[in-house]
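Engineer: Quick one: structure below, then a few questions.
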Amino acid sequence: MTVTPPPTRHRSTRRAFLRTSAGAVGLGLVAARAPAVLGQAKEFKGVTLNGACFQHAYTNVLKEFLKEFEEKTGMRVNFETPAFPVYNQRADLELSTRGSAWDFLNITFIYSGRWIGAGWMSSLEEFLGDRNATPADWDAGDFVSGAQASLTDAKGTRYGFAWEAGAMIMAASRYDLIEKAGMKMPETFDQLGQVCAAIDGKDGVKAFVNDNLHHWHWPPYLLGWGGKVFVNPPENLTPALDSREAVESAEYYANLLRQYSPSGALSYTMDQGALAHRTGRANLRTQAIAWLAPLATAADSTVKRTVRFAYMPRGQAGAFPGSVSHGFGIPAGAKNKRAAWEFIKWALSKEMVRRAALEKGYIAVCRKSVIDDPQYRKNMTLNGQDLAAPVVRRVIESLVASDSNPDLPPIGTVTAQPPQSGGALDPNAPPPDVVPDGLVPEPVPVPQRDPDDEAPGP
């Protein structure tokens, strides 16, 4: 049936024509944009992207969601995540030869100066200044400034974006054993020694554990003791590791490992140390936040109801928690730099960082918008302790920027008591044979690794 339209009451005018024409042109423009979006999505179809990082909680999250990125872009991503020392050795060799095996990789904190300073990493400013490559809402300014410091040169050129803003704290997997001993989380090195002596071996649990990254774990003890790595950096880089403070702090930390740690701990990888901790084989550990949060969140953790967190203990010179930030960048020799940037944008987008934090419990986030998210704060209440902003933000902002904080307030509501000022070591003590209470050296042979210590990481 044909419907006859009603007669028009107004004749066509030039203004009406222009309105109609403008609408048609607008629709045409909207329609014209769709193929461009589709074309952009297909721009990388068939590209194989190769990248690498060491295994970490965040890389585990990315691998879990990687299929989504591949389906969205048409790329295929080979993402290698070997152990920390293996990755760093491979990356340093690959970058030093300006190889093209990897399109993106992690810029490891302790190598960032070397890799960026030698010109082995690509500047990201070209992509950041191109709105077709980087939309404004990706928001590079949303990243925590301290975490970006090691990924930026003196001129402000950015070579990477951070996925971890880590600061060293302390966690007890079996705080119930500390309470039974009539003690609390140690706030000083003296107290740490005393607690270890009181709880070691109770209920079959060793008092302490850490992994074999001694270059990362020992310096906070060295600096807290009043020692230095160099005489007066950067002007005088003469090593200062022969000082009384350095020797005493090394003896102190070595005794934590050989006297109070599980058999084989001297050679533990990060994954093995984490496994021993979250399965309750060892109690106290000083490590970055991201490695300790799984005590309360990991599916295989047996200590979710007994875990407690605290700041890194302080020595006579104060508290000097280790700080670290790792970030993704693009090697100078990479073949698929534009595609690599697409991956980095996705991996560190607000959406992905938020999913990692809220869905997977990742705590060491680098985006301020996520740190400020009320749901993030709620999720970071672990076993009754509030580890969320503003506490986490203060730790991340200040410690990753290499500030020291001798008088940090206690973490969370559970340990909300003012720090004690006592317990510092006597700076005038002679170099002797005496170390803090509970850590008297004993001639213990270097243990062999347990055959069952080989286990996957968190």
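The values are calculated or read from the model by the stated rules, or taken from the named source; none is laboratory data. Predicted, not measured: the structure shown is a model, and the values here were computed from it. So basically every Cβ, Gly included, is an ideal-geometry build from the backbone, and we count neighbours across all protein chains shown.
Engineer: I need the full set of residues from the stretch 133-162 which are among the polar types (S, T, N, Q) and part of a helix (DSSP H, G or I), in order please.
Structural biologist: The answer is Ser145, Gln148, Ser150.
Engineer: Name the pairs: first residue in the stretch 82-96 and over 8 Å from Phe54 (Cα atoms), second residue aromatic (Phe, Trp, Tyr) and part of a helix (DSSP H, G or I), Cβ to Cβ under 6 Å, at least 6 apart or on different chains?
Structural biologist: Taking only residues 6 or more apart or on different chains, the pairs are Leu95/Trp115.
Engineer: Could you check the stretch 97-132 and list, in sequence order, the residues that are part of a helix (DSSP H, G or I) and of a type in the set (Gly, Ala, Ser)?
Structural biologist: Result: Ser112, Gly113, Gly117.
Engineer: Right, next: Which members of the stretch 218-252 meet the condition of being out of contact with any Ser or Thr (no Cβ under 6 Å at 6 or more places or on another chain) and of a type in the set (A, V, I, L, M, F, W, C)?
Structural biologist: Hits for the stretch 218-252 are Trp218, Leu223, Val229, Phe230, Leu237, Ala240, Leu241, Ala246, Val247, Ala250.
Engineer: Another question about this same structure. Identify, by number, the condition in (1) part of a helix (DSSP H, G or I); (2) farther than 17 Å from Asp271 by Cβ; (3) over 18 Å from the mean Cα position of the chain (by Cα) that Val86 doesn't meet.
Structural biologist: The single condition Val86 does not satisfy is (2).
Engineer: So which residues in the stretch 28-54 are modelled with pLDDT under 90 and either in a loop (DSSP other than H, G, I, E, B) or surrounded by 20 or more Cβ atoms within 10 Å (Cβ to Cβ) (or both)?
Structural biologist: The one that is modelled with pLDDT under 90 and either in a loop (DSSP other than H, G, I, E, B) or surrounded by 20 or more Cβ atoms within 10 Å (Cβ to Cβ) (or both): Glu43.
Engineer: State yes or no: is Ala149 surrounded by fewer than 18 Cβ atoms within 10 Å (Cβ to Cβ), over 26 Å from Phe84 (Cα atoms), at pLDDT below 95 and not hydroxyl-bearing (Ser, Thr, Tyr)?
Structural biologist: No; evaluated as a whole, the condition is false for this residue.
Engineer: Go through (1) among the acidic types (Asp, Glu); (2) under 23 Å from Ala364 (Cβ atoms); (3) free of Cβ contacts under 8 Å to residues at least 12 places away in the same chain; (4) surrounded by 13 or more Cβ atoms within 10 Å (Cβ to Cβ) and name the single condition Glu70 misses.
Structural biologist: Every listed condition holds for Glu70 apart from (2).
Engineer: Something else: Give the residue, chosen from Lys345, Lys335, that is farther than 30 Å from Tyr221 by Cα, outside any helix (DSSP H, G or I) and not hydrophobic (A, V, I, L, M, F, W, C).
Structural biologist: Sole residue among the options that is farther than 30 Å from Tyr221 by Cα, outside any helix (DSSP H, G or I) and not hydrophobic (A, V, I, L, M, F, W, C): Lys335.
Engineer: Checking Ala165 against (1) assigned to a strand (DSSP E or B); (2) modelled with pLDDT of 95 or more; (3) aliphatic (A, V, I, L, M), only one condition comes out false. Which one?
Structural biologist: (2)
Engineer: Those residues that are in a helix (DSSP H, G or I), closer than 12 Å to Gly315 by Cβ and among the hydrophobic types (A, V, I, L, M, F, W, C), I need them from the stretch 217-260; list them, please.
Structural biologist: Scanning the stretch 217-260 gives Leu222, Leu223.
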